[in-house]
Amino acid sequence: MYANVYSACLYGIDGVIIEVEVDLSNGIPQTSIIGLPDSAVRESVERVRSAVKNSEFNFPLQRITINLAPADLRKEGSAFDLAIALGLLSASGQIQLPTNQRLLVIGELSLDGALRPVNGILSIVDLAKRQGFTAVLLPQMNASEAHLIEGIEIYGLDHLRQLTPQTMSSPPANPPSAHSSSPRPTLYLKNFDHLKTSSNIHFEFESSSLSIPEDYSDVLGQQHVKRALTIAAAGMHNIMLMGPPGTGKTMLIRRLPTILPTLSNEESLEVTKIFSAAGKLKEAETGLMKRRPFRAPHHTISAAGLIGGGMVPKPGEVSLAHKGVLFLDELPEFSRTVLEVLRQPLEDRSVHISRARASYTFPAHFILACSMNPCPCGYLGAAPPLPPCTCSPGRILRYRDKISGPLLDRIDLQVEVPRPSDWPSDVQPLSSEAMREQVRHAQHLQAERYAQLPFTWNSELSGKMLRQFTSRTSQADILLKGTFEALGLSMRAFDRILKLARTIADLEKAEVIEASHIAEAIQYRQLDRKVQDLMG
C-alpha cells in the first residue's frame, strides 16, 4: 500500500517542496526513513507513532518505508511530522485525503497529537503558491503568518482529531487499540473546509501610520551630524560617528530609522521571510513588516552570530538587518576577526555559507552604522572642560588598527561628533520629519534614474554604471584627483567618494556633480586625514 503527501522544508531562508512517500508492506514491523534525514526527521517516527495512537487512530504494524524526495537534498527540522502521519493513515486506509485540491502539509506533532508551530511558514506558503498548490494544511498557531500570502487557502489544525468535521470532545468508550486487528472504517475527507481560517490582519502601508516615539528634534545641536545621517539614509551609505564619550553618538544613530522610508511591498515580503526563517516573527497579525529593521548586537557577538551559520545555517545579524540598519556601538571593542567577516557582505550585499552537504545564500543589504571613541581614553582632540587626552600616537594607532583599512574603506561617511557648544535657544532643532522629506526626495530621484536597472540606491553603483551616472564638472574632477593623490586613497575610497557626491547632488537637486559636492564628500573621510596627520 502506497501514499504520498507533499510537504516542505527551509533551505536557508527559502522553502523547498518535499514529496513524502509512504509504503506499507508485509514483514517484521519496523519503520525506515530514507532521503538524507537529519536527527530531528528520524526522531519523527516516535512522535508520529504516539500522536497517531493518542488520536484514536491505528499505527500500522507493518514494514513501513518513508522516502523524502528529492533524495539528494538534506532534510532538516520537524516540519514533516504531520505529512508523515497523514501519509501513514492514508496508506493504511484509515483516511482518504481530498482529491480536488493540490494540498501542502506542514507541522510538528506532539506526543498527544497536538500541532506545534514551525519556523519559515511565510517562505513555504509563498513557494507553495508559486508552484501551483491551492491549499496549505498547517498548525493553527502558524495560520496568521500564512495569511500574509494571499491567493491560497489556509487550513489551521490544532490536533489530529480535528481531521474529522465532528471533533470528538472525549475519547470513545472503547477506543481502537494500536494493536487491534479489527480495521478502522475509512474516513473520506472531501475537503478541509471545517478547518478553514480567515485573516484578520490589518496591513499598514503608510509611513505616517508608523508611530515612532524617538525623533531627531530630541537632539540639540549637532547639525553637521544630522546632515551626514541624512546623506547616509538618502543613498544607503555606511556611516561612522567618532567623538568623546557622552556627545550623543548612540542617540543619533538610534534615531536613523526615523528618517528611512517604509519598506516597499517587495522589500517587506523579503524582510519578513528572513525573520520568519529565523523564528523571530512574533506578531504576524500586524501584517508584513513595514518598518526597516534596526539591529544592534553586543560587541561580544561571534562571527557566526554576526554573519550567520551553525550546523544548520541560520541568518545572522547582517541578514536580520537586511534593508535596514546594522549598528555596531563602540566598534573597536568588537573582535577584529568578527569585524573582518563584514568585508564580503558589504561589497556583495549577500552572505554565502558553505557546508559539506550544501551551500546557503542569505541577503545582507544594510546600512552599517558604527560609533567609536577617537582614542582609548576617549578624549583625543577634546576641548575644555573635557579632560585632555593621555594617549600616545602609537597607542592611538594601535587602537584604530583594530579596524582594518579594507573595512574602513567601505565606510563612506566618517564624522566627528564633538561636545555640543552653546546653541541659540530660539533655533528649532531639526526634526526627523524634515530630514525624512529630504531623504524621500533624493530616493525618488534615484528610483526614477535606476528604474530600468537591477538596483535602487546610489551606494550600489559600480563599474560602468558608476561612470555613467556620476557626470561632474571639470573643477570637481580636478579636486577629486588632487585629493586622491594627496591622501593616498584607494580606488575603492575614490569610487565611494563619487557615490557619496552623487547622493549629495541629489539632495541639492543637481543633475551634475559640482566641486562643492565633491568637497563635502571628501570632508567626510575623517579617518583618512587623521591617519595621515598621525603618520606625519
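We did not get these values from a lab; they are worked out from the coordinates using the rules stated. Bear in mind that the values here come from a model prediction, so they are computed numbers and not experimental data. Cβ sites come from the backbone with ideal geometry, for glycine too, and all protein chains shown count toward neighbours.
At what distance in angstrom do the alpha carbon centres of the range 1-39 and the range 364-412 lie from each other?
Their Cα centres are 55 Å away from one another.
Calculate the spin-label point distance for residue 478 paired with residue 116, positioning each point 7 Å from the Cα along the beta-carbon direction, and give it in nanometres.
Those two pseudo-labels are separated by 7.2 nm.
For the chain, what mean projected area does the convex hull of the alpha carbons give, in nm²?
30.1
Can you tell me which of 365-376, 111-122 comes out highest on packing, and rank the rest after it, using the mean Cβ neighbours within 10 Å?
365-376, 111-122
Calculate the FRET efficiency for residue 1 and residue 198 from the Cβ-Cβ distance with a Förster distance of 45 Å, rounded to the nearest 0.05.
The formula returns an efficiency of 0.80 here.
What nm value, rounded to one decimal, do you get for the distance between residue 357 and residue 280 when each label is placed 7 Å out toward the C-beta?
Reported label-point gap for residue 357 and residue 280 is 2.5 nm.
Which angle between 0 and 90 degrees, to the nearest 10, do you get for helix 44-53 versus the longest principal axis of the chain when only C-alpha atoms count?
The angle comes out at about 50 degrees.
Could you give the length gained on full extension between residue 71 and residue 39, defined as 0.36 nm per residue of separation minus the Cα-Cα distance, in nm?
Working it through step by step, the gained length comes to 9.9 nm.
Suppose only helical runs count, i.e. DSSP H with n ≥ 4. What mean residue ellipticity at 222 nm does that imply for the chain under -39500 (n - 2.57) per run, divided by all residues and rounded to the nearest 500 deg cm²/dmol?
-9500 deg cm²/dmol
When only Cα pairs under 8 Å and 6 or more residues apart are kept, what is the percent relative contact order across the chain?
It rounds to 13 percent for the chain.
With each pseudo-label sitting 7 Å past Cα toward Cβ, what's the residue 491-residue 214 distance in nm, one decimal?
Inter-label distance under the simple model: 3.9 nm.
Looking at the square roots a ≥ b ≥ c of the eigenvalues of the Cα gyration tensor of the range 445-493, which shape do they give, rounded for a/c under 1.5, prolate if a/b is larger than b/c, or oblate?
In terms of gyration-tensor shape, prolate.
Which FRET efficiency value, to the nearest 0.05, do you get for residue 303 and residue 99 by plugging their Cβ-Cβ distance into 1/(1 + (r/R0)^6) with R0 = 41 Å?
0.20
In the chain, which Cys residues have no partner Cys with a Cβ closer than 4.7 Å?
9, 370, 377, 389
Checking the a/c ratio against 1.5 first, then a/b against b/c, what shape does the Cα gyration tensor give for the range 341-429?
The shape class here is oblate.
Does the range 407-515 come out rounded, prolate or oblate, given a ≥ b ≥ c as the square roots of the eigenvalues of its C-alpha gyration tensor, rounded meaning a/c under 1.5 and, failing that, prolate meaning a/b above b/c?
Taking the square roots of the gyration eigenvalues as a ≥ b ≥ c, the range 407-515 is oblate.
Could you tell me the relative contact order of the range 267-350? Use alpha-carbon pairs under 8 Å, at least six residues apart, and round to a whole percent.
Relative CO of the range 267-350 lands at 31 percent.
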